[in-house]
Amino acid sequence: MKFSLGGGLLIVLTSAVILFFLLDPSEHSIFPRCIFYSATGYYCPGCGSQRSIHSLLHFDLRGVVQHNVLFLIAIPALLYHYLHPFFNKKFQLNLPNLFYMKATPVVVLILIMLFWIMRNLPFFPFSELAPGS
């Protein structure tokens, strides 16, 4: 039996979704810990993402926001990116995809860097951006 790359990827992604649905990353040690946080004691932009995935799969938006608010913002951005071609074709539009504009990578990088800095500030309201706040 021969698997294609797409079939194998689908199996891996499905398995990951089931794993994240069944097991809470904050309670099980099989999930990897953040290397940056372990080495420095500071949160990276991705800290809390595994717990956010678990919360999202259980439709707990409050939990998603508490663990990593940037994760919640990324979901509509990804949906936009992948649905944009569909809507352009369906409604015979020719609207440019914002993700392919020249300034987009710089804007995204600046937003991620600002989030990274702000979530490590030890005072309100920025302390609320820390995972689990």
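Only residues that are among the basic types (Lys, Arg) and at pLDDT 90 or above were counted in the stretch 90-130, giving 2. Here ARG119 meets the list (1) charged (D, E, K, R); (2) exposed (fewer than 11 other Cβ atoms within 10 Å of the Cβ); (3) under 17 Å from the mean Cα position of the chain (by Cα) almost entirely, failing just condition (2). So which of PHE59, PHE87 is under 26 Å from SER26 (Cα atoms) and of a type in the set (Phe, Trp, Tyr)? Just a single option satisfies the conditions, and that option is PHE59. Taking the conditions exactly as written (loosely packed, with under 13 Cβ neighbours inside 10 Å and either on the phi > 0 side of the Ramachandran plot or part of a loop (DSSP other than H, G, I, E, B) (or both)), does PHE124 satisfy them or not? Yes: the conditions hold for PHE124. The number of residues in the stretch 34-55 being surrounded by 11 or more Cβ atoms within 10 Å (Cβ to Cβ) and free of Cβ contacts under 8 Å to residues at least 40 places away in the same chain comes to 11. Can we say GLY132 is in contact with a Pro (Cβ under 9 Å, 6 or more places away or on another chain) and at positive phi? Here the answer is no, as GLY132 does not meet what is asked. Of the helices (runs of 4 or more DSSP H) that lie entirely inside the stretch 5-95, those containing 3 or more residues that are among the aromatic types (Phe, Trp, Tyr) and over 24 Å from ASN120 (Cα atoms) span 69-90.
The values are calculated or read from the model by the stated rules, or taken from the named source; none is laboratory data. Fair warning: this is a prediction, and the values are worked out from it, not measured in the lab. Neighbour counts run over all protein chains shown; Cβ positions are idealised from the backbone, glycine included.
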